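First the structure, in the form of structure tokens, and then the observations on it.
The values are calculated or read from the model by the stated rules, or taken from the named source; none is laboratory data. The structure presented is a predicted model; accordingly, all values stated were derived computationally and were not measured. Methodologically, a virtual Cβ is constructed for each residue, glycine included, from the backbone with ideal geometry; neighbour enumeration extends over all protein chains shown.
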Amino acid sequence: MRHLFSAVAAACLAALLAFLLLPVAAVLIRVPPGSAWWGEVALDALRVTLLTSLVANLVFLLLGTPAAYLVATRRFRGRALVVTLLEVPLVLPPAVAGIGLLVAFGRAGILGGELSALGLEIPFTRLAVVLAVVFVAAPLYVRQAVAAFEAVDAEVLAAARTLGAGPFRVFRRVALPMAAGGLAAGWALAFARGIGEFGATIIFAGSLQGVTQTLPLAIYAQFEQDLDTALAIGGLLIAFSLLLLFTAKMVPGWTRLRSTSTSTSRAGTSA
């Protein structure tokens with residue numbers, strides 16, 4: 001019976017892997033070898049995606065890292081509610097996220113009057129793409145960052161404070177290096193999520209070639225016009241995703257190896 005269950009479990013694993021990998025392999029097999037990779041549509045979408053994703057990542061790294069550190073290292077009333085609210089975008093359908101951004105920051109939205117008075121028109125601009133990416137990807141990073149900071153030994157942080165280090169110094173010199181592996185893994189996953197964002201972006205930012213059309217939007221636009229271009233862009237996105245996934249899996253191991261090497265080196269020096 002034990003061998004029977006193991007065989008059934010292995011068959012289930014094989015079936016699941018086949019189902020999940022077949023569409024990915026099909027795209028890679030059908031990617032055209034010609035100039036579709038470097039067509040105007042693909043290059044415009046690549047430039048827009050990289051620019052907006054990098055800006056969005058900078059925003060949620062600067063805001064999300066200190067926020068995650070606070071949530072991870074402080075116990076305060078309403079903490080569970082704060083954590084839940086930070087995760088709300090993770091469970092929202094992308095279309096709802098796009099509509100929410102539109103009615104919040106659009107011309108007729110909640111903040112539309114104030115933004116117009118400042119001369120800001122956000123919808124259907126690159127800034128709208130950035131906000132859409134931040135909205136859908138930041139919670140993924142913050143969630144992982146909280147877990148990374150929670151894994152840091154609290155006694156080490158307390159010892160640093162005892163030695164006279166201020167809160168920012170403890171955060172920068174102790175907590176960040178110790179949580180670096182988890183933070184990098186969270187960033188890689190959030191970056192991949194942001195690059196693949198579609199629903200919120202098309203509603204809030206539109207699909208204007210060279211302006212707001214990202215790689216996923218370009219695939220959608222080219223699907224009925226030029227399948228080769230759509231497949232080429234799809235292959236490019238798969239390559240990005242695999243690279244980021246590989247990075248997310250490998251960075252924690254590299255960090256542990258580096259920490260172990262450093263500790264061994266220090267021990268040898270002390271001896």
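Residues in the range 95-154 that are under 26 Å from residue 187 (Cβ atoms) and not in a helix (DSSP H, G or I): 122, 125, 151, 152, 153.
Of all residue pairs spaced 6 or more apart or on separate chains, none has beta-carbon atoms under 9 Å together with a first member in the range 74-101 that is touching a residue at least 12 places away in the same chain (Cβ under 8 Å) and charged (D, E, K, R) and a second member that is surrounded by 10 or more Cβ atoms within 10 Å (Cβ to Cβ) and not in a helix (DSSP H, G or I). Taken over the range 196-227, the residue count meeting the criterion of being hydroxyl-bearing (Ser, Thr, Tyr) and outside any helix (DSSP H, G or I) is 3. Just one of the listed residues (193, 161) is in contact with a helix residue (DSSP H, G or I) (Cβ under 8 Å, 6 or more places away or on another chain), part of a helix (DSSP H, G or I) and either modelled with pLDDT of 95 or more or surrounded by fewer than 18 Cβ atoms within 10 Å (Cβ to Cβ) (or both), namely 161.
Among the candidates 188, 200, the residue that is among the small types (Gly, Ala, Ser), out of contact with any strand residue (DSSP E or B) (no Cβ under 6 Å at 6 or more places or on another chain) and closer than 17 Å to residue 50 by Cβ is uniquely 188. Among the residues of the range 127-153, the ones that are surrounded by fewer than 17 Cβ atoms within 10 Å (Cβ to Cβ) and either more than 23 Å from residue 66 (Cβ to Cβ) or among the small types (Gly, Ala, Ser) (or both) come to 2 in all.
Just one of the listed residues (177, 252) is modelled with pLDDT of 90 or more, surrounded by fewer than 19 Cβ atoms within 10 Å (Cβ to Cβ) and farther than 28 Å from residue 132 by Cβ, namely 177. Put simply, of 96, 41 the only residue that is out of contact with any Gly (no Cβ under 8 Å at 6 or more places or on another chain), farther than 30 Å from residue 142 by Cβ, surrounded by 13 or more Cβ atoms within 10 Å (Cβ to Cβ) and not hydroxyl-bearing (Ser, Thr, Tyr) is 41.
Yes/no per residue for (1) in contact with a Phe, Trp or Tyr (Cβ under 7 Å, 6 or more places away or on another chain); (2) at pLDDT below 95:
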site: 4; (1), (2): no, yes
site: 28; (1), (2): no, yes
site: 41; (1), (2): no, yes
site: 65; (1), (2): no, no
site: 83; (1), (2): no, yes
site: 95; (1), (2): no, yes
site: 107; (1), (2): no, yes
site: 111; (1), (2): yes, yes
site: 116; (1), (2): no, yes
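Scanning the range 123-167 for residues that are under 29 Å from residue 213 (Cα atoms) and without any contact (Cβ under 8 Å) to a residue 40 or more places away in the chain gives a single hit, 127.
For residue 184, indicate whether it is surrounded by 20 or more Cβ atoms within 10 Å (Cβ to Cβ) and either modelled with pLDDT of 85 or more or outside any helix (DSSP H, G or I) (or both). Spelling it out, it is not the case that residue 184 is surrounded by 20 or more Cβ atoms within 10 Å (Cβ to Cβ) and either modelled with pLDDT of 85 or more or outside any helix (DSSP H, G or I) (or both).
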